[in-house]
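Asks: Structure below; questions to follow.
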Amino acid sequence: MGCLDSMRECCDRPKNTNIRISFPAVCFVWQTAMIILFGVFIRYDEESDTHWVEYKKEKNITSDAENDFYFRYPSFQDVHVMIFVGFGFLMTFLQRYSFSAVGFNFLIAAFGIQWALLMQGWFHSLDYTDGKIKIGVESLINADFCVAGCLIAYGAILGKVSPVQLMVLTLFGVTLFAIEEYIILNIIHAKDAGGSMVIHTFGGYYGLSISWVLYRPNLEQSKRLHGSVYHSDVFAMIGTLFLWMFWPSFNSAITDHGDGQHRAAINTYLSLASTVLTTFAISSLFQKTGKVDMVHIQNSTLAGGVAVGTAAEFMLMPYGSLIVGFCCGIISTLGYIFLTPFMERKLKIQDTCGIHNLHAMPGVIGGIVGAITAAAASKEVYGTEGLINTFDFEGHFERSPTVQGGYQAAGLCVAIVFAIGGGIFVGCILKLPIWGDVADEHCFDDEFYWEVPEEEESLHPVLEYNNHMMINKRTDMVESNFSEPQT
Amino acid sequence: MGCLDSMRECCDRPKNTNIRISFPAVCFVWQTAMIILFGVFIRYDEESDTHWVEYKKEKNITSDAENDFYFRYPSFQDVHVMIFVGFGFLMTFLQRYSFSAVGFNFLIAAFGIQWALLMQGWFHSLDYTDGKIKIGVESLINADFCVAGCLIAYGAILGKVSPVQLMVLTLFGVTLFAIEEYIILNIIHAKDAGGSMVIHTFGGYYGLSISWVLYRPNLEQSKRLHGSVYHSDVFAMIGTLFLWMFWPSFNSAITDHGDGQHRAAINTYLSLASTVLTTFAISSLFQKTGKVDMVHIQNSTLAGGVAVGTAAEFMLMPYGSLIVGFCCGIISTLGYIFLTPFMERKLKIQDTCGIHNLHAMPGVIGGIVGAITAAAASKEVYGTEGLINTFDFEGHFERSPTVQGGYQAAGLCVAIVFAIGGGIFVGCILKLPIWGDVADEHCFDDEFYWEVPEEEESLHPVLEYNNHMMINKRTDMVESNFSEPQT
Amino acid sequence: MGCLDSMRECCDRPKNTNIRISFPAVCFVWQTAMIILFGVFIRYDEESDTHWVEYKKEKNITSDAENDFYFRYPSFQDVHVMIFVGFGFLMTFLQRYSFSAVGFNFLIAAFGIQWALLMQGWFHSLDYTDGKIKIGVESLINADFCVAGCLIAYGAILGKVSPVQLMVLTLFGVTLFAIEEYIILNIIHAKDAGGSMVIHTFGGYYGLSISWVLYRPNLEQSKRLHGSVYHSDVFAMIGTLFLWMFWPSFNSAITDHGDGQHRAAINTYLSLASTVLTTFAISSLFQKTGKVDMVHIQNSTLAGGVAVGTAAEFMLMPYGSLIVGFCCGIISTLGYIFLTPFMERKLKIQDTCGIHNLHAMPGVIGGIVGAITAAAASKEVYGTEGLINTFDFEGHFERSPTVQGGYQAAGLCVAIVFAIGGGIFVGCILKLPIWGDVADEHCFDDEFYWEVPEEEESLHPVLEYNNHMMINKRTDMVESNFSEPQT
């Protein structure tokens, strides 16, 4: 810890944000590596290969409708929208960081999905007969899921890092994700359809740990830009709503065909609906004259989707989903009101988007709800076949529900350990003074990494003419050393 | 009526917009009630329950693709986008009411869908063997439809009510909707795939009746904010386009599998395309130098989707759809130009978003088109089986097309009666001086229910510095009692 | 050519932008024509007709899931979003042309799809037994595709034409498109799933040719509005992201059921991901201090989707897709940096949105990639049946892959010839001084065709009051003949 603190000190030298060499270099090298690795490892699976026509005959498949594409593609596209528009626009709320929010989100997601196809492929879908990874639409969804963890982490450090740092964060984040996911889903055999543990808990604590290592003591110097303006809040609502609407697709995208996908969608739909009401209620309750705070509406309304992730495919029951959403709206909003300021002041964790309230805490709740729901499963409720089917109690995973509950809890712990350990490790790497990040007083400003258009629009000719004159006058004023023109 | 007028007077006392107690209380109480009622009544249906695996065997279903989820889920997601992004952003056009437009739309939709699952469930899908409502993806779509009626009503009173009033409006709106829907669809056995009558006519007149009761004589005091700014109009176009694009899904979401959904989508696609051209034409024709008005483009282009709702699943024929769209674009745009001002001045109906032109009138047209198309149906066009199939002329609904046409018209009347009666009743309740609505001079302002960010962004350092100085100067000016600095 | 130049001169007379007669007239006449032609020619196909219930029995189809609606509708909706929101919002980047960008895009797309259904219907799906065109969901997708060519062309002349000109451009554009498409796909029998040649090459050069004919020598007088502001760039990102996300649906929408759609989606997904990284890299490399330029991110990130269009359904292999995307990101971004200014200065082609870099060049690359991939196809990779299946080597199109490669290249040439020839022809028509376009100094301004809201919002009471005072003062100043108030 002392080591970390001293490291924090030593890196506080004048900042150079010129990334003209490092940033293109990282992009080119990594993309080239992707091409080589894809060339060596990645091929189409039997449902996306031209041999499908023969495969169908072999397996006696009578209809193209049985191709997994038709079961998963609509959900895939919804998830895709969540990753790029949802996460991207959710972070546009800062008044002068919208380009970076939506642009760098775009960049790291586009890189991350490629690396995820490789990492997840090695762990999950390596075909041992020819040593190739076979990809199909489910791989694409999983890659999107994987990258979501890194985008969540971006939320904690939004405005404080350079794009090069984000690329590094994503490289390690995807790697760590693939390993913890393999341990949780394949070794521990926990179920986690919507990724409460695997995605949200991991992504949340990964980002918070990095933010803790990268603590900026003088961040209040950027206070001026650390807030929203009217229209940036409306932009952020685009992100919120697309996340909220498509969350049922997120939680059901890779569950079992048939009842699995159907039930996961219903549970998520209900949980999210419930969260909205309690978020509004708490937000209003803790403000003078009952005004609602946009920050809460943009974020906490989504907590129900996170928290129902693990249990969405179980028989959580409609009222169970409502209860989960009810609690999460309250906890998440209270988190924004009390916990985030506390964490910043006392724990030195600066969490720009409040991912602790939106992802980390609800993710943990989701893991716990999942464990309890699994432990409480019974043949009466699920049916004999349904129970086996839902939990994959087959082969050497022939467990009782109670035991499964324990393993679910174990999975949650693995996610937290990987997140915090990995986050501190990656944070230390990002602390190196070579990545071109901005100084504390220049945070939350697009100016340093983007060509920003210079003038606001002129509204009608008269105003425009005068604006022009005023700007000239102002410039004069500045040039005459801030003295007012004499009269 | 005199009673109403005197009621209007008596409620004009100083307004208190503090909803810190009432608003959270309503949210918590209603959400808690939902949890209890869901616990008692709502369960998964056989296609979303884990018993599906057994059910399939029983019914000899060979493929998971037969699960209703795959027939309806893509359409459901489109409808979901229309409800939350479409309706929400369509109403962001006001310069300072975007938070409330998109935020309160979010709130009441999230509440409404829960209450709708219960209300519609009791009427439509109560399983009498165990007294439970069984829900699946079609229930979710119907809940979204139900809440659309209330969101339409919100359009008439946008900017003039408190969130507590909106919650009350939604509670009653959903209840009334479920009853009129049951009467129209199940008792009268009218067909109404896209809800021209059930959703749009009802929602439109429900909102207009409420607005009539809540008439604000001094609304011109809020004139300053009763208009758009450049970017708020662009935001509204997001709403318009998502409504327009996904309307084919709206009208086809719950029609028959196969040709029913297919035909409804085609008809709606065509009708909407036609509406766009006539809307542009009329808008240009009635403005000096042929300029187009954004209000018309944002709203009237959608009228064709409303008006084709009932007949979308019938053999309306592609050219029939074009004709419907052609007429509605004209009527709706003329409505904005002539009818809305007339209604405000003469009938004392203040209709913020012009829902009379977008929903009420086209809805009535849609009902009439539906009745005519049904009455004109023949075995030659539909085929013997097709006719029975399309109109469900089975059991004790074995009717001739002409008779069906009559019943369709009856359905339209029911919708109007429920809407106006219910609207006046709910309006009277909302007139009570306990709901925290704003005074006439503070309408269309987010300030009273939202924490609004204080300053506009600064654009570049020089300007920023000077803006800062100017604001200071301005403040001085204000403080020095509006006297100009002496020279 | 000299003729064109003199034509350019002769039309430079004072401009009249009053389109109050011409614009409504065009809309009404053309929409009426559509209704009549649809009445004569267009009917539902067997999958959207009520006879489907009988058709199913006849063909022994056991499940409604076999209706083409379920294979194509989700992709159709994604394509629909690309056409209306994607293209529309991509063009909102100009500070004062967002209404026209999104509004006229809406108008011409809505007209174009109707005309496309007719034109493509006559060429592709005319039922010779009854002389009717039978439409289904695939027709709707094709109509959307067809109109995309015209929307691309709009990008080149954005800000410089009147809506009447756009309607004319669309009428001819759709006509030309349908003919070249018929030649390329049916006569030459080239494959072009995602339309690299048919849509993007054609649309790109069509627009550029028109822009060349309509060259405006004094366009720098509109320089003031020929740029973005902060929020307009964020709006444009909405367009970019929806295009980027849904491009896999675009390229897979009309490919073969099963593996064809599956593979096309995967290839596009990968190519686009790769493009993002190289776009960021090149953009950063060519700017001082490595800043990224929003114009490149908004546009060049999409080039990979264009360039993989033709080959998306082939066995391009995942790494092949990455390579295509890699190259296109570089080429397209370099195009924005070097080629666009060169074309404007030397070739007198003014390309507002840079469609040469986003559509024309990547389209040509896509055609070439398609030709090479087709020529390199082998039974080893595709399987015997797969090869026949993928390239439709049946009937009198029983070709070897090498020969097919040659035909693919021929298809590309046809697209270019039609685009340039058609573009010059249509450009000459649009050059006539009757269409109500604006003068050079009034380009890129919504003011001339739209009712634009007058004032920017006021942010809080003090500012508002003072703004009001300042506007008054300014107006005084203007009225007093721009003399500063005496002191």
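Asks: Looking at segment A:221-229, is at least one residue away from every other protein chain (no Cβ under 14 Å), assigned to a helix (DSSP H, G or I) and more than 30 Å from A:Leu126 (Cα to Cα)?
Replies: Yes: segment A:221-229 contains one or more residues that are away from every other protein chain (no Cβ under 14 Å), assigned to a helix (DSSP H, G or I) and more than 30 Å from A:Leu126 (Cα to Cα).
Asks: Assuming A:Gln287 fulfils every condition listed in (1) surrounded by fewer than 24 Cβ atoms within 10 Å (Cβ to Cβ); (2) more than 7 Å from chain B (Cβ to nearest Cβ) apart from one, which condition is it?
Replies: (2)
Asks: A follow-up question, please. So, in segment C:316-347, how many residues would count as being closer than 20 Å to C:Trp212 by Cα and either away from chain A (no Cβ under 14 Å) or out of contact with any strand residue (DSSP E or B) (no Cβ under 9 Å at 6 or more places or on another chain) (or both)?
Replies: 11
Asks: Next question, about the same structure. Which of the residues belonging to segment C:290-300 are more than 8 Å from chain A (Cβ to nearest Cβ) and buried (at least 24 other Cβ atoms within 10 Å of the Cβ)?
Replies: Scanning segment C:290-300 gives C:His296, C:Gln298, C:Asn299, C:Ser300.
Asks: So is B:Asp130 assigned to a loop (DSSP other than H, G, I, E, B), buried (at least 24 other Cβ atoms within 10 Å of the Cβ) and of a type in the set (D, E, K, R) or not?
Replies: So B:Asp130 does not fit the description; no.
Asks: Can you name every residue in segment C:179-191 that is crowded, with 24+ Cβ neighbours inside 10 Å and aliphatic (A, V, I, L, M)?
Replies: Selection gives C:Ile184, C:Ala190.
Asks: Could we say that C:Ala109 is buried (at least 24 other Cβ atoms within 10 Å of the Cβ), assigned to a helix (DSSP H, G or I), touching a residue at least 40 places away in the same chain (Cβ under 8 Å) and at the interface with another protein chain (Cβ under 9 Å from one of its Cβ atoms) here?
Replies: yes
Asks: Of these, C:Ser321, C:Ser283, which one is in contact (Cβ under 8 Å) with a residue 24 or more places away in the chain and farther than 20 Å from C:Phe246 by Cα?
Replies: C:Ser283
Asks: Looking only at segment A:247-269, how many residues end up being more than 9 Å from chain B (Cβ to nearest Cβ) and either among the aromatic types (Phe, Trp, Tyr) or not in a helix (DSSP H, G or I) (or both)?
Replies: 5
Asks: Only one residue in B:Phe69, B:Phe123 is in contact (Cβ under 8 Å) with a residue 12 or more places away in the chain and over 30 Å from C:Thr62 (Cα atoms). Which one?
Replies: B:Phe123
Asks: Same structure again: Quick test of your reading of the structure: A:Asp351 fulfils all but one of (1) touching a residue at least 60 places away in the same chain (Cβ under 8 Å); (2) in contact with a Phe, Trp or Tyr (Cβ under 9 Å, 6 or more places away or on another chain). Name the failing condition by number.
Replies: (2)
Asks: Only residues that are at the interface with chain B (Cβ under 9 Å from one of its Cβ atoms), part of a helix (DSSP H, G or I) and in contact (Cβ under 8 Å) with a residue 60 or more places away in the chain: list them for segment C:81-99, please.
Replies: If the condition is that a residue be at the interface with chain B (Cβ under 9 Å from one of its Cβ atoms), part of a helix (DSSP H, G or I) and in contact (Cβ under 8 Å) with a residue 60 or more places away in the chain, then C:Val81, C:Ile83, C:Val85, C:Gly88, C:Phe89, C:Thr92, C:Ser98, C:Phe99 are the ones that fit.
Asks: Does segment A:136-154 contain at least one residue that is aliphatic (A, V, I, L, M) and touching a Lys or Arg at 6+ places or on another chain (Cβ under 7 Å)?
Replies: The answer is yes; a qualifying residue exists.
Asks: For segment A:73-80, does any single residue satisfy the condition of being surrounded by 22 or more Cβ atoms within 10 Å (Cβ to Cβ), under 30 Å from C:Phe69 (Cα atoms) and more than 9 Å from every other protein chain (Cβ to nearest Cβ)?
Replies: Yes, the conditions are met somewhere in segment A:73-80.
Asks: What are the residues in segment A:301-348 that are in a helix (DSSP H, G or I), hydroxyl-bearing (Ser, Thr, Tyr) and under 21 Å from the mean Cα position of the chain (by Cα), if any?
Replies: Within segment A:301-348, A:Thr301, A:Ser332, A:Thr333, A:Tyr336, A:Thr340 meet the criteria.
Asks: Given the criterion surrounded by 24 or more Cβ atoms within 10 Å (Cβ to Cβ), among the small types (Gly, Ala, Ser), within 23 Å of A:Glu451 (Cα to Cα) and in contact with a helix residue (DSSP H, G or I) (Cβ under 9 Å, 6 or more places away or on another chain), identify the matching residue among C:Ala307, C:Ala312, C:Ala303, C:Ala264.
Replies: C:Ala303
Asks: Would you please name the residue that is nearest to the chain's Cα centre (by Cα), looking only at residues in segment C:192-217 that are surrounded by 24 or more Cβ atoms within 10 Å (Cβ to Cβ) and not in a helix (DSSP H, G or I)?
Replies: Checked segment C:192-217; the qualifying residue nearest to the chain's Cα centre (by Cα) is C:Gly195.
Asks: So which of B:Thr275, B:Thr279 ends up being buried (at least 24 other Cβ atoms within 10 Å of the Cβ), under 22 Å from the mean Cα position of the chain (by Cα), of a type in the set (Ser, Thr, Tyr) and under 27 Å from B:Ala374 (Cβ atoms)?
Replies: Unique residue meeting the criteria: B:Thr275.
Asks: Ok, one more. Based on what the data block shows, is C:Thr373 within 14 Å of another protein chain (Cβ to nearest Cβ), closer than 30 Å to C:Leu334 by Cβ and hydroxyl-bearing (Ser, Thr, Tyr)?
Replies: It is true that C:Thr373 is within 14 Å of another protein chain (Cβ to nearest Cβ), closer than 30 Å to C:Leu334 by Cβ and hydroxyl-bearing (Ser, Thr, Tyr).
Asks: Same structure, new question: Restricted to segment A:34-69, and to residues that are among the aromatic types (Phe, Trp, Tyr) and more than 7 Å from chain C (Cβ to nearest Cβ), which residue is farthest from C:Phe246 (Cα to Cα)?
Replies: Residue satisfying both the conditions and the ranking: A:Tyr55.
Asks: Tally the residues that are more than 23 Å from A:Phe177 (Cβ to Cβ) and among the aliphatic types (A, V, I, L, M), restricting the search to segment A:389-446.
Replies: Of the residues in segment A:389-446, 4 are more than 23 Å from A:Phe177 (Cβ to Cβ) and among the aliphatic types (A, V, I, L, M).
Asks: Just the residues that are under 13 Å from B:Pro318 (Cβ atoms) and either in contact with a strand residue (DSSP E or B) (Cβ under 7 Å, 6 or more places away or on another chain) or β-branched (Val, Ile, Thr) (or both), please, taken from segment C:126-149.
Replies: C:Lys132, C:Ile133, C:Lys134, C:Ile135 - these are the residues of segment C:126-149 that are under 13 Å from B:Pro318 (Cβ atoms) and either in contact with a strand residue (DSSP E or B) (Cβ under 7 Å, 6 or more places away or on another chain) or β-branched (Val, Ile, Thr) (or both).
Asks: Then there's this: Which of the residues spanning segment A:271-281 are at the interface with chain B (Cβ under 7 Å from one of its Cβ atoms) and of a type outside the set (Phe, Trp, Tyr)?
Replies: Within segment A:271-281, A:Ala273, A:Ser274, A:Val276, A:Leu277, A:Thr278, A:Ala281 meet the criteria.
Asks: Being of a type in the set (D, E, K, R), assigned by TED's automatic domain parsing to the domain that holds A:Asp351 and part of a loop (DSSP other than H, G, I, E, B): is that true of A:Glu46 here?
Replies: Yes; evaluated as a whole, the condition is true for this residue.
Asks: I'm checking my understanding of the structure. Among residues of segment A:250-296 that are in contact with an Asp or Glu (Cβ under 8 Å, 6 or more places away or on another chain) and among the aliphatic types (A, V, I, L, M), which one is farthest from A:Ala193 (Cα to Cα)?
Replies: Only one residue tops the list, namely A:Val292.
The values are calculated or read from the model by the stated rules, or taken from the named source; none is laboratory data. Model, not experiment: these values are computed from the prediction. Positions of Cβ are backbone-derived with ideal geometry, glycine not excepted, and every protein chain shown enters the neighbour counts.
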